[in-house]
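The values are calculated or read from the model by the stated rules, or taken from the named source; none is laboratory data. Please read these numbers as outputs of a predicted model, since none were measured by experiment. Here the Cβ positions follow ideal geometry from the backbone for every residue, glycine too, while neighbour counts run over all protein chains shown.
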Amino acid sequence: MPDALLVLADGSVFPGRSVGAPGTADGEVVFNTSMTGYQEMLTDPSYAGQLLTLTYPLIGNYGIDETVEESSRIQPAGLVVREASLRPSHLRSRQTLREFLIDRGVVAIDGVDTRAVTRRIRRSGVMPGTITTTETAEEALARVRALPGYDDVNWVDTVTTDHVFDWNTPTGEGRHKVVLLDGGVKRNIMRSLEARGCSVRVFPSNTPAGDLLEARPDGIVLSPGPGDPRLLDGMVTEVAKLIGKAPILGICLGHQVAARALGAGTFKLPFGHRGGNHPVKDLVTGKVTITAQNHGYAVDADGLDAAAYVSHLNLNDQTVEGIALRNEPLMTIQYHSEACPGPLDNAYIFDRFVAMMATVSGGVR
């Protein structure tokens with residue numbers, strides 16, 4: 001007998017089994033097509049406010065390893081899978097997926113036809129939904145249809161750090177000083193910068209530009225994060241003040257914020273780009289790489305400042321995957337250079353950013 005339900009706002013009901021904490025979990029239902037990386041996805045702040053549906057049918061088969069977590073907590077409101085493995089097999093596994101979810105109080109469901117859920121989202125677009133272990137389908141549907149819209153919430157405010165902190169301690173000569181504006185950063189971004197000789201100081205998303213520049217950074221990183229970039233006017237205003245002051249790298253949400261600061265618009269995709277198989281062409285080098293992506297919004301290049309140009313393009317739907325400035329050290333990407341679908345096809349983005357900092361030596365201009 002099912003002891004959990006997934007209920008979508010269009011009235012669809014998917015019965016299943018509870019594999020997490022009891023209760024309800026509400027959010028925008030999205031899907032990711034990656035075959036591995038479930039723990040990284042579960043701890044990715046960009047999933048805040050969403051119910052994560054994984055299309056690969058067996059999840060949890062290599063268990064849970066705390067060293068790969070991308071943040072300090074599970075970020076999606078809930079998890080939907082076809083089958084949650086009961087017997088993980090990996091040398092570094094410390095617990096099962098079910099134990100991980102229960103320990104952290106996250107509601108989850110398995111036994112669901114996740115490909116049917118995915119087809120419904122692809123056809124109708126992302127929509128609100130709930131996972132419930134305590135309600136009838138009728139009760140859950142009435143509650144879901146009364147939920148506030150995902151696009152009406154500033155999710156960045158729910159995931160950004162509440163204090164300034166140093167990811168690592170500066171040591172040695174020649175280390176680049178990077179300040180990172182945290183809209184929902186993943187730890188592997190900071191690991192990737194550290195591996196290239198950078199010290200990283202992390203600031204809350206509402207930090208004024210002047211406070212960032214007071215740190216006299218060699219470079220500035222605008223992090224990924226959740227939600228609609230149209231709600232981030234304050235962040236856009238401050239980022240505009242940073243352009244031309246130091247080399248800038250924007251990733252995912254950071255790309256969207258930088259694009260808005262340069263006059264571009266943004267729009268919501270029907271069902272987003274979430275998975276590890278998205279081909280992107282670097283229009284500067286002509287090289288195509290397979291990228292990991294997790295976003296529901298994209299940049300509309302209309303209105304983009306004449307000094308800027310589109311540097312990367314998604315080959316599936318021709319959406320903008322990166323912008324750059326002609327005469328200033330700024331580059332952005334819509335995908336996740338710190339993720340490893342290739343596995344290291346896109347690590348060159350960090351190398352290019354470090355080269356920008358080395359070229360524009362001496363910090364703030």
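Within the stretch 48-75, residues that are at negative phi sit with their Cβ atoms under 7 Å from residues that are among the hydrophobic types (A, V, I, L, M, F, W, C) and part of a loop (DSSP other than H, G, I, E, B), at 6+ positions apart or across chains, in these pairs: A48/W155; Q50/A77; L51/A77; L54/V81; Y56/M35; I59/V81; I74/V106; Q75/A48.
A single member of T289, T285 is assigned to a strand (DSSP E or B) and over 14 Å from the mean Cα position of the chain (by Cα), and it is T289.
Considering A246, A306, A324, the condition of being assigned to a strand (DSSP E or B), more than 30 Å from T55 (Cα to Cα) and small (G, A, S) is satisfied by A324 alone. Of all the listed residues (L315, L330), the sole one being over 22 Å from G37 (Cα atoms) and surrounded by fewer than 16 Cβ atoms within 10 Å (Cβ to Cβ) is L315.
Each residue in the stretch 1-51 was checked for being in contact with an Asp or Glu (Cβ under 6 Å, 6 or more places away or on another chain) and not small (G, A, S), and 6 of them qualify.
All of G272, G263 fail the test of being part of a loop (DSSP other than H, G, I, E, B), surrounded by fewer than 23 Cβ atoms within 10 Å (Cβ to Cβ), assigned by TED's automatic domain parsing to the domain that holds E214 and of a type outside the set (D, E), apart from G263. Among the residues in the stretch 337-358, are any under 23 Å from Y47 (Cβ atoms), in a strand (DSSP E or B) and hydrophobic (A, V, I, L, M, F, W, C)? The answer is no, given that none of the residues of the stretch 337-358 is under 23 Å from Y47 (Cβ atoms), in a strand (DSSP E or B) and hydrophobic (A, V, I, L, M, F, W, C). In this structure, is G11 surrounded by fewer than 22 Cβ atoms within 10 Å (Cβ to Cβ), within 28 Å of R120 (Cβ to Cβ) and either within 23 Å of the chain's Cα centre (by Cα) or touching a residue at least 24 places away in the same chain (Cβ under 8 Å) (or both)? Yes. All conditions but one from (1) touching a residue at least 60 places away in the same chain (Cβ under 8 Å); (2) more than 20 Å from V164 (Cα to Cα); (3) part of a helix (DSSP H, G or I) apply to A240; the one that does not is (1). In the stretch 189-213, the residues that are under 17 Å from L232 (Cβ atoms) and among the hydroxyl-bearing types (S, T, Y) form Cβ pairs under 9 Å with partners that are modelled with pLDDT of 95 or more and assigned to a strand (DSSP E or B), at six or more places apart or across chains, as follows: S205/L181; S205/D182; T207/V179; T207/L181; T207/D182. Look at the stretch 157-170: where a residue is within 22 Å of D228 (Cβ to Cβ) and a partner is part of a strand (DSSP E or B), sitting 6+ places away or on another chain with Cβ atoms under 7 Å, you get T160/D182; T160/P204; T161/D182; T161/V202; T161/P204; D162/P204.
Matching residues to (1) at pLDDT below 95; (2) buried (at least 19 other Cβ atoms within 10 Å of the Cβ); (3) under 23 Å from the mean Cα position of the chain (by Cα):
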site: A246; (1), (2), (3): no, yes, no
site: G250; (1), (2), (3): no, yes, yes
site: A298; (1), (2), (3): no, yes, yes
site: D305; (1), (2), (3): no, no, no
site: A308; (1), (2), (3): no, yes, no
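Taking the criterion of being more than 21 Å from P15 (Cβ to Cβ) and outside any helix (DSSP H, G or I), the residues of the stretch 120-146 that qualify are G125, V126, A146.
What number of residues within the stretch 207-229 are more than 24 Å from M41 (Cα to Cα) and either out of contact with any Cys (no Cβ under 9 Å at 6 or more places or on another chain) or in a loop (DSSP other than H, G, I, E, B) (or both)?
Initial filter on the stretch 207-229 (more than 24 Å from M41 (Cα to Cα)): 207-220.
From what's left, either out of contact with any Cys (no Cβ under 9 Å at 6 or more places or on another chain) or in a loop (DSSP other than H, G, I, E, B) (or both): 207-218, 220.
Matching residues across the stretch 207-229 total 13.
Among strands (runs of 3 or more DSSP E) entirely within the stretch 1-92, having at least 2 residues that are in the same structural domain as C252 (by TED's automatic domain parsing), within 18 Å of H295 (Cα to Cα) and at pLDDT 95 or above singles out no element at all. Scanning the stretch 101-117 for residues that are closer than 9 Å to G20 by Cβ and surrounded by fewer than 22 Cβ atoms within 10 Å (Cβ to Cβ) gives I102, R104, G105.
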